[in-house]
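As structure tokens, the structure follows; a few thoughts come after it.
The values are calculated or read from the model by the stated rules, or taken from the named source; none is laboratory data. In this text the structure is predicted, and so the values were computed from the model without any measurement. Methodologically, a virtual Cβ is constructed for each residue, glycine included, from the backbone with ideal geometry; neighbour enumeration extends over all protein chains shown. Calculation scope for accessible area: heavy atoms of the full protein, side chains included, ligands and nucleic acids excluded. Shrake-Rupley method; radii C 1.70, N 1.55, O 1.52, S 1.80 Å.
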Amino acid sequence: MKLSERLLVYWIRIPRRWRLAALTACMLTIWTVEGVRFLTSPALRLPTVTEAIICLIPAILLFMVWKTKRSN
């Protein structure tokens, strides 16, 4: 079994609320770090494509988890 398959199996076994919490924490951490770095840079500039992708991936994952969540 490949490493990516093992990680996926491990991720699926984690309860849904913990997955959502992990994605939220990851997203907030990345946004905070990027925001502080952006605001403290000597020359205010637009984010690069790489920085935008880094910030959007957790948001997209969080949205996917939220949309697939079962309503009780």
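With a 1.4 Å probe and all protein chains kept in place, how do ARG13, ARG6, ARG19 rank by accessible area, largest first? Can you show the working numbers first?
Details: ARG13 190, ARG6 125, ARG19 45 Å².
From most exposed to least exposed: ARG13, ARG6, ARG19.
Carbon and sulfur together cover what percent of the accessible area of the chain at a 1.4 Å probe radius?
Numbers: 4470 of 6270 Å².
Percent of accessible area from carbon and sulfur atoms in the chain: 71.
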Can you pull out the trypsin sites (Lys or Arg not before Pro) in region 29-72 whose DSSP state is coil and whose Cβ has at most 14 other Cβ atoms within 10 Å? ARG45, LYS69, ARG70
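Using r as the Cβ-Cβ distance of ARG37 and VAL65, and R0 as 22 Å, what FRET efficiency do you calculate, to the nearest 0.05? Show your work: numbers first, answer last.
On the way: r = 26 Å, r/R0 = 1.20.
The computed FRET efficiency comes out at 0.25.
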Can you give the helix-only mean residue ellipticity at 222 nm for the chain, where every DSSP H stretch with n ≥ 4 adds -39500 (n - 2.57) and the sum goes over all residues, rounded to the nearest 500 deg cm²/dmol? -26000 deg cm²/dmol
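Counting heavy atoms of the protein chains only and a 1.4 Å probe, report the per residue accessible area for the chain as a whole number of Å².
Working: 6270 Å² over 72 residues.
I get 87 Å² per residue for the chain.
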Tell me the angle of helix 49-68 to the major Cα principal axis of the chain, expressed in degrees between 0 and 90 and rounded to the nearest ten. 30
Folded to 0 to 90 degrees: helix 16-39 orientation relative to the chain principal axis, Cα: 10
Determine Rg/Rh for the chain; Rg is computed over alpha-carbon atoms and Rh is the Kirkwood hydrodynamic estimate from the same atoms. 1.10
For the chain, find the longest principal axis of its Cα atoms and tell me its angle to the long axis of helix 3-13, 0 to 90°, nearest 10. 70
Under the 0.36 nm per residue contour assumption, what length would be gained going from the current alpha-carbon distance of ALA22 and ILE57 to full extension? 11.3 nm
Tell me, what is the percent relative contact order of the chain, built from C-alpha pairs under 8 Å that lie six or more residues apart? 40
